[in-house]
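Nothing in this text is a laboratory measurement; each read-out follows from the coordinates by a stated rule. Note that this is a predicted model, so its numbers are computed, not measured. We place every Cβ from the backbone using ideal geometry, glycine too, and count neighbours over all the protein chains shown.
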């Protein structure tokens, strides 16, 4: 508060007030990556740091939950953020020179939530709440209700608090008893003597439980229910009302459908005040202690002893402590407890303060907790939290419906806390049919997996992806990840790292590194950071816009062992390839998977094209099962068949029929000619117009035709094998690039015109379907 250094009265009051507290570092308040959030530096200067903190925490929560903000744009995402401090307004109103259009929105508390919705293009409810110390629990309550009412499909909720001006601290100091002289909160302790203020914040990502399970999200906890009420007219404006606290507890557990006696732990409001702690403990005893066994007391704690009182963010801190405790199977100690507060009957209330790290007791077989927050103006809130226990997969007995009934039930009333850390689990991303086919594929390939090596030396290849809004940010991110990865041990799960990076938000400037070991990946990331492309190091900068374009290869991309490693190592891909193979077997009488596993295979015109198609279709289905979809597709030559399938234009059955008929006709035609008369193709460093001129001026090349406009300065030509070989030699003599392609036949030339009638007749029964994405044709 250096801005008030010259105010004698302020300095006098602050000199007499305890100055200990949970302060953020100065840089954490002042520093902000405005460009990252699409804000100009001038606007950022006028924006309340609480707005900035809400943006940063929302981003981090979504990243941690593997729900990229870019995937949520335009969706019904509700934003419920709590804030009680208006300190930033003090700065702007005190300095008339600070008046600007940015100051109006920058200093308004209502904009804290609106700023989040605007920045990420969230379309659900957006509101900033203020009920003082209960604020962030009230935001959870409102978010859960919004999910239950289907106003929101996903919600972010929490609170922020910053102490940018001294007025509130001065007010607490003048009461004479509110602030702890030593800056320590001693909840429920015999020497409780007040609070110490703190800064910070917390944001949670919430979804309806049934949908979080459906989407394969990692669920950290379940909000079973909540309640909010008011003290009404109590002994004083800021005095707690015991009856109201009892009432809000009963309402919350009724809403949750939870017996209060089964609750293991209460994360209390616990401010460490002589008046407040006994009232809270007594209310807890009346609701949770009645009828409870003495050897199963309600365990009690307060995160305020660890962090201080974050006021509008206090409930978020308490909820975070509970969720982390459930996942770590541990209740952290409540600090500064010298002994029981003499005004609390712990034995009768069946309460016990957690004074050391304690394993979670799970009295009911499932971790259950409550989190309380009481605003100093009388708004009380309580949230009931349960650990997430996945339902066992039940196969109903055909002779009885009992198991099926037990497995049923409405879970939409519960909200899942899906803020997550990656433990390597990918979640359920496919339908039951896919899951079954994956299981079948694993069983089928088990022997081959055990006996066949892969092309990767040692460990399988790992792909790490990084991105940024600009190339400089992408490079900086690559360097940061390299630093982190280099500091890890060799037993680090590289697959988990890859999954974590792949499910984060991706900027327009992207990079990828391929490696088999930690050292290789570190080296690749260093190269990416330095802007040095090389083997296994890739980068690209996409133009402004949304969506991905999928490009499908044509004939000539085949090679020995293609798709072998992927087929053996990825059961999901294998299951989709097997599904395509069933249809190929029906149409053509052979299976591609058998050829992919044959290291001695030599592909012909027919099976090479069918194989390329099968791989691409299986990749399409794999990517879509994992949540990826194209904005547009384009295919090169025969790649258009797979492209048409990818965008919904052809069913899988029709697509397989097209590729099998096309490939068979081309293969049969090539088998009927000698090597001398067979067609050939080559890529030359001339434009199509230049090729046409050269052919016209050189009669020996009259049988050659331009076939593919490969690039403005490159053309693929086709014709009989001997003239094509002579043309390649002639082009090289001119000092130009030329290369004969490893194909037999002259596709996209008049050589295949004779096949068009039969092809049209055989695929006459196709039923094209509406496209789900744009399809760009590469065929003239």
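Applying 1/(1 + (r/R0)^6) with R0 = 35 Å to the Cβ-Cβ distance of residue 28 and residue 290, what FRET efficiency is obtained, to the nearest 0.05?
0.20
What Rg and what Dmax come out for region 2-386 when only alpha-carbon atoms are used, in angstroms?
When restricted to the Cα atoms of region 2-386, Rg and Dmax are 20.6, 65 Å.
Quick one, which of (i) 47; (ii) 31; (iii) 39 is the actual percent of Cα pairs over 51 Å apart calculated for this model?
(ii)
Arrange the peptides 505-517, 587-599, 73-85, 373-385 so that the one whose residues have, on average, the most other Cβ atoms within 10 Å appears first.
373-385, 73-85, 505-517, 587-599
How far, in nm, would the chain grow between residue 762 and residue 472 when pulled straight, counting 0.36 nm per residue and subtracting the alpha carbon separation?
Full-extension gain reported as 99.0 nm.
Kindly rank 554-562, 17-25 from highest to lowest mean number of other beta carbons found within 10 Å of each residue.
On the way: 554-562: 17.4, 17-25: 15.7.
Output ranking for 554-562, 17-25: 554-562, 17-25.
To one decimal place, what orientation-averaged projected area in nm² is obtained for the convex hull of the Cα set of region 679-743?
Projected over every direction and averaged, the Cα hull of region 679-743 covers 3.7 nm².
Taking the Cβ of each residue in 551, 156 as the centre, tally the other Cβ atoms inside 10 Å and list the residues starting with the fewest.
Working: 551 15, 156 34.
Going from sparsest to densest Cβ surroundings: 551, 156.
To the nearest 0.05, how large is the calculated FRET efficiency for residue 175 and residue 3 if R₀ is 25 Å and r is the Cβ-Cβ distance?
Efficiency, rounded to the nearest 0.05: 0.55.
Mind checking the angle between helix 471-486 and the chain's longest principal axis? C-alpha axes, 0 to 90 degrees, to the nearest 10.
Taking Cα atoms only, the helix is inclined about 70 degrees.
Quick check: pseudo-label points 7 Å beyond the Cα along Cα→Cβ at residue 463 and residue 700, how many nm apart are they?
Label at residue 463, label at residue 700, 4.6 nm between them.
If neighbour count is taken as other Cβ atoms inside 10 Å, put 364, 663, 312 in order from fewest to most.
364, 663, 312
Can you give the helix-only mean residue ellipticity at 222 nm for the chain, where every DSSP H stretch with n ≥ 4 adds -39500 (n - 2.57) and the sum goes over all residues, rounded to the nearest 500 deg cm²/dmol?
For the chain, the value works out to -12000 deg cm²/dmol.
Please give the peptides 184-190, 726-732 ranked by average Cβ packing (other Cβ atoms within 10 Å per residue), highest first, as a rough proxy for protection.
Most protected by this proxy first, the peptides run 184-190, 726-732.
Obtain the nm distance between the two label points defined at residue 499 and residue 275 by a simple spin-label model: each point lies 7 Å from its Cα along the Cα-to-C-beta direction.
Here the answer is 5.2 nm between the modelled labels.
Give me the angle, in degrees from 0 to 90, between the Cα long axis of helix 652-671 and the longest principal axis of the Cα atoms of the chain, rounded to the nearest 10.
30 degrees
How far is it, in nm, from the label point at residue 20 to the one at residue 343 when both lie 7 Å from their Cα along the line to the Cβ?
Calculated label separation equals 2.2 nm.
For residue 483 and residue 91, FRET efficiency with R0 = 25 Å and r from the beta-carbon atoms, rounded to 0.05?
The calculated FRET efficiency here is 0.10.
Residue separation times 0.36 nm, minus the C-alpha to C-alpha distance between residue 676 and residue 653: what's the value?
Length gained, residue 676 through residue 653: 4.6 nm.
Kindly express, to the nearest 10 degrees and within the range 0 to 90, the angle between helix 518-530's C-alpha long axis and the longest C-alpha principal axis of the chain.
Compared with the principal axis, the helix lies near 90 degrees.
Over the chain, what is the mean sequence separation of C-alpha contacts under 8 Å (at least six apart), divided by residue count, expressed as relative contact order in percent?
Once divided by the residue count of the chain, the mean separation gives 11 percent.
Could you calculate the contour length gain from residue 594 to residue 243, that is, 0.36 nm times the residue separation minus the distance between their Cα atoms, to one decimal place in nm?
118.9 nm
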